[in-house]
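The values are calculated or read from the model by the stated rules, or taken from the named source; none is laboratory data. Predicted, not measured: the structure shown is a model, and the values here were computed from it. All Cβ positions, glycine included, derive from the backbone under ideal geometry; neighbour counts span all protein chains shown.
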Amino acid sequence: MTQESTNPTSHASILEKGAGLLERAWEAHWALKLVCIVLFFDMAMLLHVQRGLSQWSEVGKGIIQDVGWLAVTFVAFSFIVAIVLPALLIVFRYLSASIVYKLEDLFQKLLPTPADSGPYRRPLGNVPAYALHDLALEEKDNFLFHLYETHEKNRKTARMMRERTGELTASVVLAVFVDWLVDQWVPGGISLIGALDIALAEYFFPAAMAVLFCVGIILKRAWFSPYIPDEIYYPPLDRKLR
């Protein structure tokens, strides 16, 4: 028995690392990136040895020893993420927008149009962000500048988070689709999606529809969220404007 296997500190370190990975798995962006990486590696294995990750026991040792293939896989993944994927996401987003707008037009025709509620009225205490910015410039007030800059920073961060969530979600959808295509093309190979199909059997299609429904909600929220007026809560200026 080796010293490492009997060292409680070593076991504690492994448990801490495992707990850290599980904790990060709950972070949506990190989890989506991990899914893309795993699916890409699955496709690369199918194309290289006609075996997927679900068949790791058959070819795992040889794959690990093939340093050249691992290097090519890493370079290919980096190239696809940097060049190919952004172009595909533009096309995917354009197609998604076309579907969303057509569905909205269809619902407007089928469902009765609600009565006009009149012009938009901002909540009490809120002012347009540009009005606060103009006041800060006029009075050269550092507090107002800080309030405006903090608001714009938070607004920009939230928009970037939504955009990133949409991009990563769409990337997973594309990776799943390509992994399924490779599974159909490679004889004898079983991709991760193919393994899920086999495991779920007749429940695979309903599960896939449920996942696509969730994906649609996420993309609608990330890429096609309703317009939100750019306003800041600052009652003193709101009283003057009203």
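Just one of (1) in a helix (DSSP H, G or I); (2) on the phi > 0 side of the Ramachandran plot trips up Arg155, so point out which.
Answer for Arg155: the failing condition is (2).
Can you tell me which of Asp141, Asp134 is among the acidic types (Asp, Glu), modelled with pLDDT of 90 or more and within 30 Å of Pro236 (Cβ to Cβ)?
Asp134
When you scan segment 28-46, how many residues do you find that are under 14 Å from Val72 (Cα atoms) and either of a type in the set (Gly, Ala, Ser) or surrounded by fewer than 15 Cβ atoms within 10 Å (Cβ to Cβ) (or both)?
1
Can you list residue pairs whose Cβ atoms sit under 7 Å apart, with the first residue in segment 155-168 being closer than 14 Å to Leu85 by Cβ and the second being loosely packed, with under 15 Cβ neighbours inside 10 Å? Count only pairs 6 or more apart in sequence or on different chains.
Qualifying pairs under 7 Å: Arg164/His29; Leu168/His29.
Being out of contact with any helix residue (DSSP H, G or I) (no Cβ under 8 Å at 6 or more places or on another chain) and touching a residue at least 12 places away in the same chain (Cβ under 8 Å) is the filter here, so list the residues in segment 222-241 that pass it.
Those that are out of contact with any helix residue (DSSP H, G or I) (no Cβ under 8 Å at 6 or more places or on another chain) and touching a residue at least 12 places away in the same chain (Cβ under 8 Å): Pro229, Tyr233, Pro235, Asp238.
Can you spot a residue in segment 195-212 that is in contact with a Gly (Cβ under 8 Å, 6 or more places away or on another chain), part of a loop (DSSP other than H, G, I, E, B) and either among the small types (Gly, Ala, Ser) or in contact (Cβ under 8 Å) with a residue 40 or more places away in the chain (or both)?
No: zero hits.
All but one of (1) outside any loop (DSSP other than H, G, I, E, B); (2) closer than 30 Å to Lys240 by Cα hold for Leu168; state the number of the condition that does not hold.
In the conditions (1) outside any loop (DSSP other than H, G, I, E, B); (2) closer than 30 Å to Lys240 by Cα, Leu168 misses (2) alone.
Tell me which residues, restricted to segment 154-205, are of a type in the set (Asp, Glu) and within 16 Å of Ile37 (Cα to Cα).
Passing the criteria: Glu167, Asp179.
Out of all the residues in segment 195-233, which are within 30 Å of Glu138 (Cα to Cα) and either at pLDDT 90 or above or small (Gly, Ala, Ser) (or both)?
Asp230, Glu231, Ile232, Tyr233
Determine which member of the set Phe79, Phe92 is more than 30 Å from Pro236 (Cβ to Cβ) and surrounded by 14 or more Cβ atoms within 10 Å (Cβ to Cβ).
Phe92
A quick yes/no check of all residues on (1) touching a Ser or Thr at 6+ places or on another chain (Cβ under 8 Å); (2) in a helix (DSSP H, G or I); (3) under 22 Å from Gly194 (Cβ atoms); (4) modelled with pLDDT of 90 or more:
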| site | (1), (2), (3), (4) |
| --- | --- |
| Glu16 | no, yes, no, no |
| Val38 | no, yes, yes, yes |
| Met43 | yes, yes, yes, yes |
| Val75 | no, yes, no, yes |
| Phe79 | no, yes, no, yes |
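Hey, among Val91, Val173, Val127, which residue is touching a helix residue (DSSP H, G or I) at 6+ places or on another chain (Cβ under 7 Å), among the β-branched types (Val, Ile, Thr) and more than 19 Å from Asp230 (Cα to Cα)?
Matching residue, one of Val91, Val173, Val127: Val173.
Restricted to segment 32-67, and to residues that are without any contact (Cβ under 8 Å) to a residue 40 or more places away in the chain and of a type in the set (Asp, Glu), which residue is farthest from Trp185 (Cα to Cα)?
Asp66
Considering every residue within segment 102-124, establish whether at least one is aromatic (Phe, Trp, Tyr), under 33 Å from the mean Cα position of the chain (by Cα) and at pLDDT 90 or above.
no
Go through segment 176-190 and give me each residue that's more than 18 Å from Phe77 (Cα to Cα), in a helix (DSSP H, G or I) and out of contact with any helix residue (DSSP H, G or I) (no Cβ under 7 Å at 6 or more places or on another chain).
Within segment 176-190, Gln184, Trp185 qualify.
Do you know which residues across segment 140-162 are surrounded by fewer than 11 Cβ atoms within 10 Å (Cβ to Cβ) and over 30 Å from Phe224 (Cβ atoms)?
Within segment 140-162, Lys140, Asn142, Phe143 meet the criteria.
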